[in-house]
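See below for the structure under consideration.
Nothing in this text is a laboratory measurement; each read-out follows from the coordinates by a stated rule. Just so it is clear, the structure is predicted and the values come from calculations on it, not from any experiment. A quick note on method: Cβ atoms are made from the backbone with ideal geometry, for glycine too, and the neighbour counts reach across all protein chains shown.
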Amino acid sequence: MELQGNGFTLRNWKLSDAAAMQRNADNKNVSRFLLDRFPSPYTIADAEAWVRLWQNHEPIINFAIADENDEVIGGVGLELREDIYRKTPLIGYWLAEPYWGKGIMPQAIKLVCGYAFAELDMICVLAFVLSKNPASGRVLEKAGFTKAGIIPRSVIKDNVVMDEHVYCLNRD
């Protein structure tokens, strides 16, 4: 499955993506505001494990962002939840630093959310943004998300306690 953006493609992961993923993800500026499960430094073993985890997953909920040469420059995915949250996934994303500010990520997020609503029957997509990463909030707003609130002093990253900003996009 592929979702076509302007100058990029969202597609399933391939084992051959590991080298480009490692090269583009191994950047402290990329990992600085991501969950700790996104390691830094980012090794080839990390990239291979990630690709193996997602390459045959059904339904596809985690996409490689590939440039026009089919090189992985980022990723965007949904984290499905259970119980009363079963129709409200979380979205997460990263993009190689040379591609920041080019409009790729808002477009990729729109494509994944459209897919989530149309193909997975989701009703709302949520995103959590660390307070020291306002650029991510702007990306979400460009993708149509609304800031729903702030959870004060609720997360810790690199031994710094931060607020968490909650964004949502509803199907309707």
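Data for the structure
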{"read-out": "Length-normalised contact order for the range 2-125 - Cα pairs under 8 Å, 6+ apart - percent", "value": "26"}
{"read-out": "Dipole of the range 2-125, positive end: most advanced residue of Phe8, Val51, Ala25 [Cβ charges, Cα centre]", "value": "Ala25"}
{"read-out": "Span from the the range 64-89 Cα centroid across to the the range 1-34 one, whole angstrom", "value": "11"}
{"read-out": "Within the chain, helix-based [θ] at 222 nm, where runs of 4 or more DSSP H residues each add -39,500 (n - 2.57), nearest 500", "value": "-8000 deg cm²/dmol"}
{"read-out": "Total charge dipole magnitude, the chain, about the Cα centre, Cβ charges on Lys, Arg, Asp, Glu only, Debye to nearest 20", "value": "520"}
